[in-house]
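The values are calculated or read from the model by the stated rules, or taken from the named source; none is laboratory data. Quick caveat: nothing in here was measured; it's all calculated off a predicted structure. All Cβ positions, glycine included, derive from the backbone under ideal geometry; neighbour counts span all protein chains shown.
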Amino acid sequence: MPRPSQPILSRDLIFRTALAKLDRTGGFTIPEIAHKLGVSVSSLYHHVKGRADILEGIRGLMADWDATTTDLPWQEAVAAWARNYRDSFAKHPAAIPALVAQTITEQSVLNQYESLAAILSDAGFSSRSVVLSVSMIDALCLGSALDLGAPSTIWRRSDEHRSALQNAVDNATLGDDRAEQAFQLHLSLIIAGLTDLLSSDLESETTVP
């Protein structure tokens, strides 16, 4: 039996094609994906519900990493989660703006966030602190993923004779590692802040009558 002239249409193929289009151009439309795959738009809709469904599938592709951190102290587990998430999304920075514009429904991604929430909850963080901490860490990871794609030097040299920023850039000796070192600093400050927040949460629990 002869092989089909084109790959069999599937959700995974649609997601990967759309992600490749996002990587190249920062956007995609349903007709563009259908044209790329050599199928009709109606054929595409046999497999996906629409653009939002495709974006959630893309989100699942990008967040495909092992979130198992059960044997680590919560500080190390949070740091490992953040680094994995940052690294995963840094591979596709052009997709980030499209993804942050809609509510997350992809179950595999929700499972990743669940693992982070469980780390914090098990450590003793209050419900309010868990939600705010997950939001804060998420913002760090997405921003740092974008920063990894930025130039090592992102500020144009000032024409002013005395420039505190330019003096700092000239003397920082960061090399090409600015984004990574900035991420490490930001993450360490977040962990320190979370440690203080946890102490406050635990103290509040002990003082409740």
If I filter segment 98-112 for residues that are buried (at least 17 other Cβ atoms within 10 Å of the Cβ), aliphatic (A, V, I, L, M) and either closer than 21 Å to T195 by Cα or out of contact with any Lys or Arg (no Cβ under 8 Å at 6 or more places or on another chain) (or both), do I get at least one hit?
yes
Can you confirm whether T17 is in contact with a Lys or Arg (Cβ under 7 Å, 6 or more places away or on another chain) and without any contact (Cβ under 8 Å) to a residue 24 or more places away in the chain?
yes
Are there any helices (runs of 4 or more DSSP H) wholly within segment 112-207 with 1 or more residues that are modelled with pLDDT of 95 or more, and if so which?
127-148, 178-207
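Check A80, A101 and return the single one that is assigned by TED's automatic domain parsing to the domain that holds Q184 and out of contact with any helix residue (DSSP H, G or I) (no Cβ under 9 Å at 6 or more places or on another chain).
Numbers: A101 fails: out of contact with any helix residue (DSSP H, G or I) (no Cβ under 9 Å at 6 or more places or on another chain).
Among A80, A101, only A80 is assigned by TED's automatic domain parsing to the domain that holds Q184 and out of contact with any helix residue (DSSP H, G or I) (no Cβ under 9 Å at 6 or more places or on another chain).
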Output the number of residues of segment 114-130 satisfying the condition of being over 13 Å from Q75 (Cβ atoms) and either in contact (Cβ under 8 Å) with a residue 60 or more places away in the chain or not assigned by TED's automatic domain parsing to the domain that holds E76 (or both).
2
What tally of residues in segment 139-159 results from selecting those that are surrounded by 14 or more Cβ atoms within 10 Å (Cβ to Cβ) and without any contact (Cβ under 8 Å) to a residue 24 or more places away in the chain?
1
Selection within segment 160-176 - free of Cβ contacts under 8 Å to residues at least 12 places away in the same chain and loosely packed, with under 14 Cβ neighbours inside 10 Å
E160, H161, R162, A164, L165, N167, A168, D170, N171, A172, T173
Name the residue, out of A94, A101, that is of a type in the set (A, V, I, L, M, F, W, C) and assigned to a helix (DSSP H, G or I).
A94
If a residue must be without any contact (Cβ under 8 Å) to a residue 24 or more places away in the chain and over 10 Å from E56 (Cα atoms), how many such residues does segment 88-112 contain?
2
Could you tell me whether any residue of segment 121-128 is of a type outside the set (S, T, N, Q) and within 14 Å of the chain's Cα centre (by Cα)?
no
